[in-house]
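Just so you know, all these numbers are worked out from the coordinates, no wet-lab data involved. This structure is a prediction, so every number in the text was calculated from the model and none was measured. Virtual Cβ from ideal backbone geometry, glycine too; neighbours counted across all protein chains shown.
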Ligand SMILES: [Zn+2]
């Protein structure tokens, strides 16, 4: 959501012998021309900052821990049973407005069509770290894949994993629904890397080493 322009990027680390290193350069942030969705009509409780702000803080904290074991390998599997490319209903990054308000929001995941009761699958090996019901996101499952990579599945009607369960790709982790801030049954699916929401399409198309 930052304006286009040059921004400093700095990497700092420690080598195995204990030596410190750092690297800095400016990075050009360009306008990605994300489209604007028509304003969505939702339950006002799901855009009340008294609810959305603490839920957002909780949500961001879930994707922060970086665990040392890399569990995913290769391209992520589809989280839904259908040929998923025919089933994308809203893309990452689109600008969002609710109930006629300003376009202060962006779409932080990729939406898949589905019905209440559609089986939803883990996309890669990992560990379920959060299984709960939130006001905005509805029924959610968050899976830690290691090295700071997480996937999240929102608006579920039923959970079929518990916190701490190890999961495999293709394993049913829950059933689709329309819980939380949702205008109909669908899966909202997110990918987090290093505490940042990234475009999930990349992880369905290419294998990250
Ligand atoms: Zn969504």
- Note on the structure: Distribution output for segment 72-171: share of Cα-Cα pairs per 5 Å bin in percent, first bin at 0, values 3, 11, 20, 23, 21, 13, 6, 2, 0
- Note on the structure: Shape call for segment 1-65, from the Cα gyration tensor axes a ≥ b ≥ c (a/c under 1.5 means rounded, otherwise prolate when a/b beats b/c, else oblate), comes out oblate
- Message: From the mean inverse distance of alpha carbon pairs (Kirkwood) and the Cα radius of gyration, derive Rg over Rh for the chain.
- Response: 0.98
- Task: Tell me the label-point distance for the pair residue 77, residue 56, using the 7 Å Cα-to-Cβ offset, in nm and rounded to one decimal.
- Result: 3.5 nm
- Sketch the reach of a paramagnetic label on residue 166 as a point 7 Å from Cα along Cα-to-Cβ, and name the residues of segment 122-154 whose backbone nitrogen lies under 13 Å away. 125-128
- Note on the structure: Most exposed first, judged by fewest Cβ atoms within 10 angstrom, 64, 55, 190 run 64, 55, 190
- Task: Calculate how large, on average over all directions, the projected area of the Cα convex hull of segment 1-110 is; give the answer in nm² to one decimal.
- Result: 11.3 nm²
- Note to self: C-alpha centroids of segment 125-155 and segment 185-208 sit apart, in Å, by 12 Å
- Message: I need the peptides 158-165, 92-99 ranked by packing, meaning the mean over residues of other C-beta atoms within 10 angstrom, with the highest value on top.
- Response: 92-99, 158-165
- Message: Run the Debye formula on the Cα coordinates of segment 108-147, all scatterers equal and no solvent, and tell me log10 I(q)/I(0) at q = 0.19, 0.21, 0.29 1/Å.
- Response: -0.73, -0.89, -1.26
- Query: Taking one equal scatterer on every alpha-carbon of segment 125-200, how large is log10 of I(q)/I(0) by Debye at q = 0.13, 0.15 1/Å?
  - Reply: -0.35, -0.46
- Name the most mobile residue of 20, 56, 168, meaning the one with the largest mean-square fluctuation, in a Gaussian network model of the chain with Cα contacts below 10 Å. 20
- Query: Regarding segment 27-87, what is the average projected area of its C-alpha convex hull, in nm²?
  - Reply: 8.7 nm²
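For the chain, what is the mean residue ellipticity at 222 nm derived from helices alone (per DSSP H run of n ≥ 4: -39500 (n - 2.57); sum divided by total residues; nearest 500 deg cm²/dmol)?
On the way: 2 runs with 20 residues, N = 209.
It lands at -3000 deg cm²/dmol.
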- Rounded to the nearest whole number, the Stokes-Einstein translational diffusion coefficient of segment 72-121 at 25 °C and 0.890 mPa s (Kirkwood radius, C-alpha pairs) in µm²/s is 190 µm²/s
